Amino acid sequence: MSESENIGNKPTNFIRTMIDNDISSGKHQSIITRFPPEPNGFLHIGHAKSICLNFGIAEDYQGRCNLRFDDTNPAKEESAYAEAIAKDVQWLGFQWDGEIRHSADYFDRLYGYAEELIEKGLAYVCELSMQQMREYRGTLTEKGKNSPFRERPVDENLALLRKMKAGKFDDGSLALRAKIDMSSPNINMRDPVIYRIKKAHHIRTGDQWCIYPTYDFTHGISDAIEGITHSLCTLEFEDHRPLYDWFLDNISIECHPQQIEFSRLNLEHTITSKRKLNQLVTEEVVDGWDDPRMPTISGMRRRGYSATAIRDFIARTGVTKKVHTVEMSLLENSVREDLGENAPRAMAVLNPLKITLTNYAEDKTEELLAPRHPQKEAMGKRKITFSKTLYIDRADFRESANKKYKRLVLGKAVRLRNAYVITCDEIKLDEQGEICELLCRYDENTLGKNPADYKAKGVIHWVSEQHSAVAKVRLYDRLFNVSNPAAETNILDALNPDCLVTIEQARVELSLKDAKPEEVFQFEREGYFCADRYVHSEANLVFNRTVTLRDSWVKIEAKG
C-alpha cells in the first residue's frame, strides 16, 4: 500500500517510507507511536517536532499515539511540568490515546525484568563508584575493563538487588549493571547501569521505591509493554539502539518495537538544552519557563505564536537524518503568514506625539469605520473615533526630510489611516526643547478620496486622545544576538540587550479594550501583538509583540 493511499498525498520522508513497507509486508496491521517526555521542564520547539511527527504519523495512518512520561529521575521531576506538557500537546492540536501513561506505571515489571537478567547471568550488582565506573569504561579508542564484581554468583546478585530495593544501602553505593561487553566499540554497550540507588520522593509512587531504573533500560521496555510499533527518537539515540535491542532480546517479552532516529530541530538564535533553559529561569534572566522570549511551546503561545504556525514551521523543516540548523526567519515567516491571514487589524501608537487640528471644532467627533481585515470582508468593520486632538507615533514626524520619507513633515501633508489628510503647520516645544505637540490642519474633503490640488506624502496610523486607551506594550525580540548561542562559553554573554523593551504609556484604539487574553492583532504598520494570557484585562491592557511585520534581522546579520 503506497503512502498516498494511506495518508492522502502527504509529503513523504524516510520514516513514512519504512512504515509503508512494514504495512505492505504485513509486519504491522496498525501503527502505534508514542511521545515520551521527561517531566523535568517545559517542552520547547525541538519537542514540537517530535510531537508533530509522532502524533502526525499516528493520525495519518489511522493509528494511535501514547503520551508517556519518562519519570525515572525523581530528583528533577515535578507535577507542574507534567501538567504543562499535557496542555502543550493539546494546544498544538493533538490528543493521545487513552489515559496518560507513565514509566512509573511499569516499575514493578521493570524490576522483574532486572531480576530475570540476573538469573540469566546477564546482570550483576557492582560496588564501583561512579568515578571508578568511568575509569573502567575506557574511551573511544581504548577498551574498557571488567568490574571486579562482574562475576558475582547469581544468588548473591539477587540478594544484593533485593537489599538495594529494601533501602539497605546508601545512595550511589551500589548499582545494577548489564553484563554485555566491556570491549565493545560502542561505549553504551560496556556494562551500562540498569538500576541506581536514589532515595528521593517520586511524584507518582511517593517513597515506595528507593532504586530507579535508568532511561536506557526503561525506555525500550516501556515501548514494548505498550505495543509500540515504531519508536521515533532523535539522532543522539542512534548509538543507544543496540542497547535498546539488547534489553528486549534478553527478557521475556514478545513485542519488539523498531527504533528509528531522525535529526533534531536546531534553531538559530536560540537554545534547546533543558539545562541551559533552566539556567535562564533560575538566574531570573527570563520570567519563568513561559516567558515569551523562551523557545518553549508555552512561551511561544504566550508571545502569540499560533499552533497552526508552529505546525507549519515543523512541516517546512522536514524529517531527515541530516544534522542542520534552521534559520529563525523560517519560524517567524510561518508566524507572519498565519497571522497576516487571520489576525484582525487595529491601531496602536507606541510612542505618542500629540496633534491638535486647529480647524476642527472643539466639541466635534466623528465615528469612522475601518475594516477588521483588509482582505476579509466577512470579518466586518470596527469603529474608530476622530476628534480634534490625536496621537501619532513620534517616529512618523520630522521637521525636514528628503523625498524618500513618506510620513508627516513640517509644511507637508500626510493621510491618517482610514481618515483625513492633514498638513502640519507648526510645532510646539517643551521646556527641554523637545517637540511635544504638532499644530495641523485637516482637509474635510479628503475622507475616502484624495486631494484634488496637492499630494499627501504617505499614510500613517493614529488614535484619538479622548477615544483611546493606555496600554503596556512589551516589544519582544530574539533572546540571543548570535546565531549559535550554545557555542558560547557563557550563554549569558550572548544575550540580546534589546530582547525586551517595555512601553508603559502606549495609546491604542478603544476596540482593543475588548481583546481577550491570547487574542492576536496586527497593530497596523507596527507588527503583530498578542494580549497577554495572564495579566491582560479590560482594566489592564497588556500586549506582547509576537513578531514584526518584516524581518528586521536581515540587514543586521548582513552587516555582521
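The values are calculated or read from the model by the stated rules, or taken from the named source; none is laboratory data. Quick caveat: nothing in here was measured; it's all calculated off a predicted structure. Because the Cβ atoms are built from the backbone with ideal geometry, glycine has one as well, and the counts that use them run over all protein chains shown.
Worth a mention:
- Candidates are the residues of segment 272-290 that are of a type in the set (Val, Ile, Thr) and either within 15 Å of the chain's Cα centre (by Cα) or in a helix (DSSP H, G or I) (or both); the one that is modelled with the lowest pLDDT is Thr272.
- Of the residues screened, Arg301 is not one that is out of contact with any His (no Cβ under 6 Å at 6 or more places or on another chain), buried (at least 21 other Cβ atoms within 10 Å of the Cβ) and under 22 Å from Leu492 (Cβ atoms).
- Subset of segment 174-197 [among the small types (Gly, Ala, Ser) and under 39 Å from the mean Cα position of the chain (by Cα)]: Ala175, Ala178, Ser184
- Residues within segment 157-212 that are outside any loop (DSSP other than H, G, I, E, B) and either in contact with a Pro (Cβ under 8 Å, 6 or more places away or on another chain) or modelled with pLDDT under 95 (or both), tallied: 8
- Residue among Ile51, Ile118 that alone is in a helix (DSSP H, G or I), touching a Leu at 6+ places or on another chain (Cβ under 7 Å) and within 27 Å of Ile194 (Cα to Cα): Ile118
- Where a residue in segment 218-229 is in the same structural domain as Arg68 (by TED's automatic domain parsing) and more than 20 Å from Pro242 (Cβ to Cβ) and its partner, wherever it lies, is in a helix (DSSP H, G or I) and of a type in the set (Val, Ile, Thr), with Cβ under 8 Å and at least six apart: none
- Selected residue [closer than 24 Å to Ala361 by Cα, among the hydroxyl-bearing types (Ser, Thr, Tyr) and at pLDDT below 95] from Tyr454, Tyr420: Tyr454
- Any hit, segment 21-35, residues being farther than 27 Å from Asp207 by Cα, among the small types (Gly, Ala, Ser), assigned to a helix (DSSP H, G or I) and not assigned by TED's automatic domain parsing to the domain that holds Met294: yes
- Residue pairs whose Cβ atoms lie under 9 Å apart, separated by 6 or more positions or on different chains, with the first residue in segment 408-423 and assigned by TED's automatic domain parsing to the domain that holds Gly448 and the second among the polar types (S, T, N, Q) and assigned to a strand (DSSP E or B), are Leu408/Thr423; Gly411/Thr423; Lys412/Thr423; Ala413/Thr423; Val414/Thr423.
- Scanning segment 432-451 for residues that are at pLDDT 95 or above and either over 22 Å from Lys412 (Cα atoms) or among the β-branched types (Val, Ile, Thr) (or both) returns Ile435, Thr446.
- Residues (among the basic types (Lys, Arg) and either in contact (Cβ under 8 Å) with a residue 40 or more places away in the chain or assigned to a loop (DSSP other than H, G, I, E, B) (or both)) located in segment 121-145: Arg137, Lys143, Lys145
- Condition met for Asn481 (touching a strand residue (DSSP E or B) at 6+ places or on another chain (Cβ under 9 Å), among the polar types (S, T, N, Q), surrounded by 18 or more Cβ atoms within 10 Å (Cβ to Cβ) and not assigned by TED's automatic domain parsing to the domain that holds Met328): no
- Residues in segment 401-411 that are modelled with pLDDT of 95 or more and more than 16 Å from Thr358 (Cβ to Cβ): Arg407, Val409.
- Matching residues, segment 372-388, being in contact (Cβ under 8 Å) with a residue 40 or more places away in the chain and within 35 Å of the chain's Cα centre (by Cα): Arg382
- Test: residue in segment 484-504 that is assigned to a loop (DSSP other than H, G, I, E, B), among the hydrophobic types (A, V, I, L, M, F, W, C) and in contact with a helix residue (DSSP H, G or I) (Cβ under 8 Å, 6 or more places away or on another chain): no
- Among (1) surrounded by 17 or more Cβ atoms within 10 Å (Cβ to Cβ); (2) touching a strand residue (DSSP E or B) at 6+ places or on another chain (Cβ under 8 Å) - the single one Leu248 does not satisfy: (2)
- Considering the conditions (1) crowded, with 18+ Cβ neighbours inside 10 Å; (2) under 41 Å from the mean Cα position of the chain (by Cα), Lys354 is excluded by exactly one of them, (1).
- Leading residue by the ranking (surrounded by the most Cβ atoms within 10 Å (Cβ to Cβ)) among those in segment 389-409 that are of a type in the set (A, V, I, L, M) and within 38 Å of the chain's Cα centre (by Cα): Ile392
- Cβ-Cβ contacts under 8 Å between residues 6 or more apart (or on different chains), taken from a first residue in segment 350-367 that is without any contact (Cβ under 8 Å) to a residue 40 or more places away in the chain to a second residue that is surrounded by 13 or more Cβ atoms within 10 Å (Cβ to Cβ) and of a type in the set (A, V, I, L, M), are listed as Glu367/Ile384.
- Some residue of segment 133-156 being modelled with pLDDT of 95 or more, surrounded by fewer than 15 Cβ atoms within 10 Å (Cβ to Cβ) and under 28 Å from Pro36 (Cβ atoms): yes
- Within segment 461-478, considering residues that are of a type in the set (A, V, I, L, M) and over 21 Å from Ile355 (Cα atoms), the one surrounded by the most Cβ atoms within 10 Å (Cβ to Cβ): Val473
- Subset of segment 535-549 that is within 21 Å of the chain's Cα centre (by Cα) and surrounded by fewer than 20 Cβ atoms within 10 Å (Cβ to Cβ) - its residue that is nearest to Cys499 (Cα to Cα): Thr548
- Output for segment 40-79, where each listed residue is more than 23 Å from Asn21 (Cβ to Cβ), among the aliphatic types (A, V, I, L, M) and at pLDDT 95 or above: Leu43, Ile45, Ala48, Ile51, Leu67
- When Ala104 is tested against (1) free of Cβ contacts under 8 Å to residues at least 24 places away in the same chain; (2) touching a His at 6+ places or on another chain (Cβ under 7 Å), just one condition goes unmet, and that condition is (1).
- Answer from Ala506, Ala494, Ala486 - the residue that is of a type outside the set (D, E, K, R), surrounded by 14 or more Cβ atoms within 10 Å (Cβ to Cβ), in the same structural domain as Gly304 (by TED's automatic domain parsing) and under 30 Å from Gly411 (Cβ atoms): Ala506
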